[in-house]
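Here is the structure we will look at, set down as structure tokens.
Since every read-out is calculated from the coordinates, none of them should be taken as a lab result. What you see is a predicted model, and the numbers here were worked out from it, not measured in a lab. Reconstructed Cβ throughout: ideal geometry from the backbone, glycine too, with neighbour counts over all protein chains shown.
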Amino acid sequence: MTIRLYDTSARQIRDFTPLTAGCVSIYLCGATVQAAPHIGHIRSGLNFDIMRRWFEYRGYEVTFVRNVTDIDDKIITKAAEQRRPWWSIGYENERAFNDGYTALGCLPPTYEPRTGHVTEMVEMMRGLIERGHAYESEGNVYFDVKSFPGYLSLSRQELDNIRQPESTGETGKRDPRDFAMWKSVKPGEPSWETPWGRGRPGWHLECSAMAHKYLGEAFDIHGGGLDLIFPHHENEIAQAQAFGDEFAKYWVHNAWVTMSGEKMSKSLGNSVLVSEMVKQWRPIVLRYYLGTPHYRSMIEYSEEALREAESAFARIEGFYQRVIEKAGGPVEPAREVPPAFAEAMDDDLGVPQALAIVHTTVRQGNSALAADDKDAAIARLSEVRAMLGVLGLDPLDPHWDGANASDRGEELHGAVDTLVRLVLEQRESARARKDWATADAIRDQLQQSGLVIEDSPTGPRWTLDPR
């Protein structure tokens, strides 16, 4: 068994060999909490949640660090606009992110550090200045990109062709391509005392310092979205390696959720907030929609695509329900997933190929039900539960109990269920008195309303038409 991952730095799929046998260390760039999360933000958390689950299934002990950027130019600007403390903006949106991760079934990180690791950042800046890779100017501390020969090795750009994103107050640079690690104090901004005066962290330094603190000089996997390759991850590498750390052995990046071909972004006005989505769609369906495409593939957002995901998952849930009724009780998941599923997941987390195995197994189970082969149907459901458990999509996982669905959606489903059952009771009464015309008319009306009616040994049941 060898897990293989696409390494951005190598531009190819590589066999995964951990630094420490049996252990995996992962650092994921998490949220910058200037606003509530949209589904593009949560996709990254989902993709790396599936990665983590697969490593754990394969027997690894996983240390998963996902940071929170709660001190940032955008947060400070928002705070000024809203006349609120910067920490109030950050805390409110950090809670919204965690609510989103939890709603969609992401396991909590092992550690979730925040930007305020100033002691560790000061130590790193001091070391970089001593080694000639950084300098202080007017209370700012900058990284000298020309001092580090490996700069831009991840994105493979030419130094002459780049520009660093800048914010106001970044004065005294020796070279416009140098980037800020520390920014001098400004009125109304958070600040800390350092050997170079009061100020606050730049964006990139926090991740280098926190990865060093929580994972050491070297760790296995660094993850994040494609948009972070430059400048953020390039600058992280420069800081850490110039300081003397080996840093990350593998770089894994997930693709975006797009709308009309554009990356979903609040600045573009095309974002779809998670808090609104869970009012319209069950969280497990959202996880299926966002988590089942390959992590390196773009997802083009559309209502139609979500409806297709809902229908596909409804077919799986219908299979669960039929087998459990046939078995007369719960069916436990298999101890191991099928070999074809494992092979797909080992190959760069091939979730689409793995999901195809799930649907094939569901079809086999339905065929067994049609043939009244109870044992075969139970065996197929046991396999499906094992596979969906790895993906965080098992409908029988306690996480997906009603408490984790949207209250509005649950209330709506309950009301519809009550009304449909009243109509089905009328149909059953018609059948009992052999009024087949009325019974058939009721069934046809329900089907025209988008419902599927199925007569079972325990009575009629209804589901939404998956089409």
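Once a ≥ b ≥ c are taken as the square roots of the eigenvalues of the Cα gyration tensor of segment 240-351, is the result rounded (a/c under 1.5), prolate (a/b larger than b/c) or oblate (a/b not larger than b/c)? List each step's numbers first, then the result.
Numbers: a/c = 2.62, a/b = 1.30, b/c = 2.02.
Taking the square roots of the gyration eigenvalues as a ≥ b ≥ c, segment 240-351 is oblate.
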Return the FRET efficiency for the residue pair residue 162, residue 367: r is the Cβ-Cβ distance, R0 is 56 Å, and the value is rounded to the nearest 0.05. 0.45
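Just want the ordering: 107, 152, 46, from fewest to most Cβ atoms lying within 10 Å of their own Cβ.
On the way: 107 17, 152 20, 46 25.
If I rank by nearby Cβ atoms, fewest first, I get 107, 152, 46.
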Explain nothing, just compute: Karplus ³J(HN,Hα) = 6.51 cos²θ - 1.76 cosθ + 1.60, θ = phi - 60°, for every residue of segment 137-147 in order, whole Hz, x for Gly and Pro. 8, 6, x, 8, 10, 10, 8, 8, 5, 6, 7
Neighbourhood charge, 13 Å Cβ-Cβ cut-off, centred on residue 313 and excluding it, Lys, Arg +1 and Asp, Glu -1: 0
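Can you classify segment 133-201 as rounded, prolate or oblate using the Cα gyration tensor, where a ≥ b ≥ c are the square roots of its eigenvalues, rounded means a/c under 1.5, and otherwise it's prolate if a/b beats b/c and oblate if not?
Numbers: a/c = 2.51, a/b = 2.06, b/c = 1.22.
It comes out prolate by the Cα gyration axes.
Under a Cβ-Cβ cut-off of 14 Å, what is the net charge of the residues other than residue 29 that fall near it, where Lys and Arg count +1 and Asp and Glu count -1? All intermediate terms of the calculation are to be shown ahead of the outcome.
Numbers: positive: 43, 66, 114; negative: 70, 72, 112, 206, 227, 234, 236.
Once positives and negatives cancel, what remains is -4.
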Just tell me which aspartates and glutamates come within less than 14 Å, Cα to Cα, of residue 146; anything on the same chain fewer than 8 places away is out. 158, 160, 175, 178, 234
Among 41, 359, rank each residue by its count of other Cβ atoms within 10 Å, from fewest to most, as a rough exposure measure. 359, 41
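Is segment 44-102 best put as rounded, prolate or oblate by its Cα gyration tensor, with a ≥ b ≥ c the root eigenvalues, rounded for a/c under 1.5, and otherwise prolate when a/b is larger than b/c, oblate when not? Kindly include the intermediate steps, with their values, before the conclusion.
Details: a/c = 4.07, a/b = 3.22, b/c = 1.27.
Note, shape of segment 44-102 comes out prolate.
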Which of the lysines could a cross-linker span from residue 249 if the Cα-Cα distance has to be under 22 Å and same-chain partners fewer than 8 positions apart are dropped? 213
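Arranged by the count of other C-beta atoms within 10 angstrom, fewest first, what order do 182, 196 take?
196, 182
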